[in-house]
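First comes the structure, then the notes that go with it.
The values are calculated or read from the model by the stated rules, or taken from the named source; none is laboratory data. As the structure is a prediction and not an experimental result, all values here were calculated from the model. Note: ideal-geometry Cβ built from the backbone for every residue, glycine included; neighbour counts use all protein chains shown. We work out accessible area using only protein heavy atoms, side chains counted, and drop any ligands, DNA or RNA first. Shrake-Rupley method; radii C 1.70, N 1.55, O 1.52, S 1.80 Å.
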Amino acid sequence: MEDSQEAAASSVDPQKIQKAEELRLEGNAAFSAKKWNGAVKKYRASIDLDGSSPASAKVYSNLAAALCKLSKYDDAHEAAKKATEVDPDWAKGHWRLGVVNELQKDFLNSISCYMRASDLDPNEGTFVKAKEKMMKRLGCTEKKDADGNISMHVELPPTSTSFQGEIPALIAWSRLLKRTNNLANTDAYLPKRWEDKSEHWLQNALYQWYRGMFKQLGQLADLPDSKNGGITEKVEQLKLAAHAGQISVQQFSIAREKITGVPTAMGQEMDELMTGLTLLMGDHIPMETRDDGKERFVPSPPWLKHIRQKQMIAIQDLLCRDVLNLKMTGKNKDGLQVFDGRKSSDNEEMIVISPGLLAMANSFWAGTCGNESGIVAEEGTPEDVVAYIKKRLKGGVTWDENNGMRKYVSVVYRGTVLSAWLARVTLGLGIASRYFRWANKFIDLVDEEWKVTQSGDYSKYGNSFRKSFRVSILAMELQTAHFNRDHKFTSRADVLYEFNLAQKIISYAKEQSPPTTTDFSTCNFYTSFSRKPMAFALSLLGSCMHTMLADGHHDMFEKIIEESGMMDFERDDSLISFLIEKTGKQDFSVLAMIAETYHVAAETQLPDDGETAILWWGYSAHICYAGDYKLKDLRNAVNKAIIATQQRDDDLWGPSVWRGSAHQKLSLLVARYFQERCGNFVLPRVDRSGRPDGSLAIFCGDHLICPNFDRAI
């Protein structure tokens, strides 16, 4: 390492090094003066002159600090990571990367960086304090083995649910089990005709997840004997008998099911789990571990009762198996690669996959199975994996469905999505958001390179490219990014990212044609892959736009509207073009756009959903804020909100939290104030005005609607 660093340093012109140092100091001066953009420019200029010597680590670290001040955390992460690469032995570089990871809410990688920094410089109190603070936050403890080696022990949080009423999915599932005990027959518990009920939408998706998870739990029979009470030995004996031809495949399946208590997996578990996941946009899926060992959703075989987090382990097992199978891409059953019909003995080529997929697979392979060497695979960027695919195709591997690049792309994409979802449940939003971004960038690059959606040749390239499949995954990414932002508007880039993602979801969802039948499967598909993602994206947009304006972020709002193209009438995929198409209106103010965003979201959502009444109240309130609507529009919106309140499945979704909200109060106050007017009366805009005594008055044009609105709330 030292030789390579010296070689890198000697390759840089001394004058350039001196100039680079001068620029670094100028950047430091700008940073001290809180001129963050100026500091970034100076640091980048320094890196352009010398970006590979160990001395440049300080510049990368300072650049990361300046970028954090600008809330550009992804760029800061790249800069901080580069600092650790050009000088791996510089403790502060690892500390800086830990700080950036912490800001991105990637706490596990953050503590790893802090540990490395404190190991390199144990006398620096800043590094030690950062490590101890993160250990306390995560509930970690340090453990020493017999040789004195220190390792970090992290107790994953339990995913138990204390009260069934808190989780709509478990309520829907319990309703299903009251109707039937035969889960193998969907006709026994799902209606043949669509009834627009949230309960049925939940139950159908949960069944898909249940079926995949139940069978995948049975795969844990392959764990070491110490993990499952000797089941492995019995299953292995069956396998040997089957290989020897002593029993048939059917006999093997029957005997294995008798031993494990679980149907034999047939290789469809990933499809079933992904179907359940996408039908629900990654939400409402219980991953429970109860102290009494009783599961209310997916029952565990008795030999797994002692293992906590068994469902998480089962998913990691699935991902591990899929990664191992990827090593057989383009090879025959003997592990030999086949190029144009010719066999090759080169069967040790390193596969390239996503960081998320590799991390989850290795977590199972090393942590659960005890194989410390991990899986032989290389993590890469989306561009790296696309380059690998090109290389394999050029070498003779085809897009063959069973053992070609179609399967490779599918496993990498879907496996990364499942890894991202599992990370969101167990590790944190920051790392989950990073995995989701990786997955969607990857599938976009593959689509662009091979023109899959343009040609529509899904039979060759696979269903992973269908917009009806991808829209739910985009919704998962949006939900994760939104929660990761934590309702804060400190970073325009983060908010802009959400707005662009929401518009993409809407453009994908609107391509699905409404069904012309009441057939359950057809309508449920449309609900899951059009109505639900569209309503979610619109609801998020409406809420974010309202909050930005209400909290006074007017400059940010205007810039985001411009940069996102939301009001660009010439773009087919803009929000305004979609609203014109849906409502028939041609002239929109910004406030009217917010109102209609709520409106279409409310019309799209299932009538008994927990959010539908909230959306109608949001629409009615923004009719008041926008003005130029007719009074009958407000009355109709208020009536729809009241009806949605009555239709809401309170037993399923729990008590309403919106009753008495500002939107509801404002709508009712304005409607009552003008109750004597005719329906065609054009409403003036509502304005809120603060008074000297701290109260908030509501005016509608020249009309004082309420002198103390904050007290009325």
message = Quick check on the range 514-522. Is at least one of its residues open to solvent by 30 Å² or more (accessible area, probe 1.4 Å), of a type in the set (Gly, Ala, Ser) and out of contact with any Cys (no Cβ under 7 Å at 6 or more places or on another chain)?
response = yes
query = Which of the residues spanning the range 82-119 are farther than 29 Å from Arg485 by Cα, in a helix (DSSP H, G or I) and open to solvent by 60 Å² or more (accessible area, probe 1.4 Å)?
reply = Asp119
message = Suppose we keep only residues that are open to solvent by less than 40 Å² (accessible area, probe 1.4 Å) and touching a helix residue (DSSP H, G or I) at 6+ places or on another chain (Cβ under 7 Å) within the range 243-255. Which one would you say is nearest to Leu304 (Cα to Cα)?
response = Ala255
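Considering the range 26-50 alone, what residues qualify as being outside any helix (DSSP H, G or I) and open to solvent by 20 Å² or more (accessible area, probe 1.4 Å)? Full working, then the answer.
The first filter runs over the range 26-50 and keeps only residues outside any helix (DSSP H, G or I), leaving 33-35, 50.
Ala33, Lys34, Lys35, listed by residue number.
With Glu269, Glu195 as the choices, which residue is under 20 Å from Cys523 (Cβ atoms) and modelled with pLDDT of 75 or more?
Working: Glu269 fails: under 20 Å from Cys523 (Cβ atoms).
The match here is Glu195.
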query = Residues in the range 177-192: is at least one open to solvent by less than 30 Å² (accessible area, probe 1.4 Å), modelled with pLDDT under 85, polar (S, T, N, Q) and farther than 25 Å from Tyr73 by Cα?
reply = yes
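Among the residues of the range 506-529, which ones are under 17 Å from Glu581 (Cβ atoms) and in contact (Cβ under 8 Å) with a residue 60 or more places away in the chain? Spell out the reasoning first.
From the range 506-529, those under 17 Å from Glu581 (Cβ atoms) are 506-514; that's our starting set.
The answer is Ile506, Ser507, Lys510.
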query = Can you name the residue in the range 538-553 that is of a type outside the set (A, V, I, L, M, F, W, C) and touching a His at 6+ places or on another chain (Cβ under 9 Å) and is also nearest to Asp486 (Cα to Cα) among such residues?
reply = Thr547
inquiry  = Any residue that is more than 30 Å from Gln208 (Cα to Cα) and touching a Ser or Thr at 6+ places or on another chain (Cβ under 9 Å) - is there at least one of those in the range 514-537?
reply    = no
query = For the range 645-673, which residues satisfy the criterion of being over 22 Å from Gly542 (Cα atoms), modelled with pLDDT of 85 or more and open to solvent by 50 Å² or more (accessible area, probe 1.4 Å)?
reply = Gln646, Gln647, Asp650, Asp651, Arg672, Tyr673
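Please tell me if Lys632 is part of a helix (DSSP H, G or I) and under 24 Å from Asn524 (Cα atoms).
Details: part of a helix (DSSP H, G or I): yes; under 24 Å from Asn524 (Cα atoms): no.
Taking the combined requirement at face value, the residue does not satisfy it.
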query = If you scan the range 56-77, which residues turn out to be modelled with pLDDT under 90 and open to solvent by 20 Å² or more (accessible area, probe 1.4 Å)?
reply = Cys68, Lys69, Leu70, Lys72, Tyr73, Asp74, Asp75, His77
request  = Could you check the range 395-502 for helices (runs of 4 or more DSSP H) lying wholly inside it with 1 or more residues that are more than 15 Å from Leu357 (Cα to Cα) and without any contact (Cβ under 8 Å) to a residue 12 or more places away in the chain?
outcome  = 429-450, 452-455, 458-461
ask   = For the range 489-510, which residues satisfy the criterion of being open to solvent by 30 Å² or more (accessible area, probe 1.4 Å) and either closer than 13 Å to Leu429 by Cβ or among the small types (Gly, Ala, Ser) (or both)?
value = Ala493, Asp494
ask   = List, please: which pairs have Cβ atoms under 8 Å, are six or more places apart or on different chains, and start with a residue in the range 209-220 that is within 9 Å of Val298 (Cα to Cα) and open to solvent by less than 30 Å² (accessible area, probe 1.4 Å) and end with one that is modelled with pLDDT of 85 or more and of a type in the set (Lys, Arg)?
value = none
ask   = Scanning the range 550-577 for residues that are in contact (Cβ under 8 Å) with a residue 40 or more places away in the chain and in a helix (DSSP H, G or I), which turns out surrounded by the most Cβ atoms within 10 Å (Cβ to Cβ)?
value = Leu575
key: Residue count, the range 231-278 (criterion: touching a residue at least 12 places away in the same chain (Cβ under 8 Å), small (Gly, Ala, Ser) and farther than 30 Å from Pro533 by Cα)   = 3
note = Scanning the range 674-707 for residues that are modelled with pLDDT under 75 and open to solvent by less than 70 Å² (accessible area, probe 1.4 Å), the one farthest from Ala595 (Cα to Cα) turns out to be Gly694
